[in-house]
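The values are calculated or read from the model by the stated rules, or taken from the named source; none is laboratory data. Since this is a predicted model, take the numbers as computed values, not measurements. Backbone-built Cβ (ideal geometry, glycine too); neighbour counts: all protein chains shown. Heavy atoms of the whole protein, side chains included, go into the accessibility calculation; ligands, DNA and RNA do not. Shrake-Rupley method; radii C 1.70, N 1.55, O 1.52, S 1.80 Å.
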Amino acid sequence: NKLINISKKYDIVAKRPIIQKDNTNAVRITTSEDIQALPIRGFNSIFLLTPGVAYNNGEFHVRGGRTDEVGYYVEGVSVRNPQGGGRAVAIAQDAIEEIQVQSGGYTAEFGGANSGIVRSTFKSGGSQLKASVEYITDNVTFKSAKDAFDGKQRLGTYWWGYDETSASLSGPLFDQRFKFFFNLNNQF
């Protein structure tokens, strides 16, 4: 008796149509590839690139609506701040797989939001082990935090106190059926 192994590996890929004829609203999708190519940092900066989104007095507005009229969802769970609206959860940029901003015309599953829905999903592990570390600072001469606002220029610029470190690790866990993604983000 011979044992025959007929296992093939298939990658399932779905293509998003350019025009969705049955869509009654405007949906803007920003993928992790788009985010990586942008010259900005942070969820808020990415969100502000969406047409119809405005930022005024520390609050986001979609299509002229109030702050409490925007619904925020992470992996399908509402993360809207119950006191006055807005997002109650901070999301590290390197952990975002996709951000969808939908303005108007959504179904009843998104109750309590009148002007827009912001849905984001996290990255997941792949079939190969991947690691990345990123360090961003405007402290070009690495002075201490107590000297951050001393008013002196260093190499032709001022230090405003921005310092961010992001480390990610992803891949299979024991077996190809189980995958993980880990991100550590620290901002000063």
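Residues that are of a type in the set (A, V, I, L, M) and over 17 Å from the mean Cα position of the chain (by Cα): find the strands (runs of 3 or more DSSP E) completely inside the range 73-188 holding 1 or more of those. It would help to see each step written out before you state the result.
Working: elements: 96-103, 116-122, 130-137, 163-173, 175-187.
The strands (runs of 3 or more DSSP E) meeting that bar are 130-137, 163-173.
Restricting to the range 43-58, name every residue that is more than 23 Å from Gln187 (Cα to Cα) and open to solvent by less than 70 Å² (accessible area, probe 1.4 Å).
Within the range 43-58, Thr50, Gly52, Val53, Ala54 meet the criteria.
Identify all residues within the range 26-58 that are closer than 15 Å to Ala92 by Cα, in a loop (DSSP other than H, G, I, E, B) and in contact (Cβ under 8 Å) with a residue 60 or more places away in the chain; write none if there are none.
Arg41
Would you check if Glu98 is under 21 Å from Phe60 (Cβ atoms) and touching a strand residue (DSSP E or B) at 6+ places or on another chain (Cβ under 9 Å)?
Values: under 21 Å from Phe60 (Cβ atoms): yes; touching a strand residue (DSSP E or B) at 6+ places or on another chain (Cβ under 9 Å): yes.
So Glu98 fits the description; yes.
Restricting to the range 103-126, what's the tally of residues that are aromatic (Phe, Trp, Tyr) and either modelled with pLDDT of 90 or more or touching a His at 6+ places or on another chain (Cβ under 6 Å) (or both)?
To start, the set of residues in the range 103-126 that are aromatic (Phe, Trp, Tyr) comprises 106, 110, 122.
Now drop any that are not either modelled with pLDDT of 90 or more or touching a His at 6+ places or on another chain (Cβ under 6 Å) (or both), which leaves 122.
Within the range 103-126, residues that are aromatic (Phe, Trp, Tyr) and either modelled with pLDDT of 90 or more or touching a His at 6+ places or on another chain (Cβ under 6 Å) (or both) number 1.
Within the range 134-149, can one find any residue that is within 14 Å of Asp94 (Cα to Cα) and out of contact with any Phe, Trp or Tyr (no Cβ under 8 Å at 6 or more places or on another chain)? Give the derivation first.
From the range 134-149, those within 14 Å of Asp94 (Cα to Cα) are 134-136; that's our starting set.
Checking the rest, the ones that are also out of contact with any Phe, Trp or Tyr (no Cβ under 8 Å at 6 or more places or on another chain) come to 134-135.
Yes, there is a match, as at least one residue in the range 134-149 is within 14 Å of Asp94 (Cα to Cα) and out of contact with any Phe, Trp or Tyr (no Cβ under 8 Å at 6 or more places or on another chain).
Those residues that are surrounded by fewer than 13 Cβ atoms within 10 Å (Cβ to Cβ) and more than 17 Å from Phe122 (Cα to Cα), I need them from the range 59-85; list them, please. Before the answer, list the steps.
Start the filter on the range 59-85 by keeping residues that are surrounded by fewer than 13 Cβ atoms within 10 Å (Cβ to Cβ), which leaves 64, 75-77, 82-84.
Across the range 59-85, the qualifying residues are Gly64, Pro82, Gln83, Gly84.
Which ones in the range 125-157 are touching a residue at least 12 places away in the same chain (Cβ under 8 Å) and open to solvent by 90 Å² or more (accessible area, probe 1.4 Å)?
The answer is Gln128, Leu129, Lys130, Val133, Tyr135, Lys143, Phe149, Leu155.
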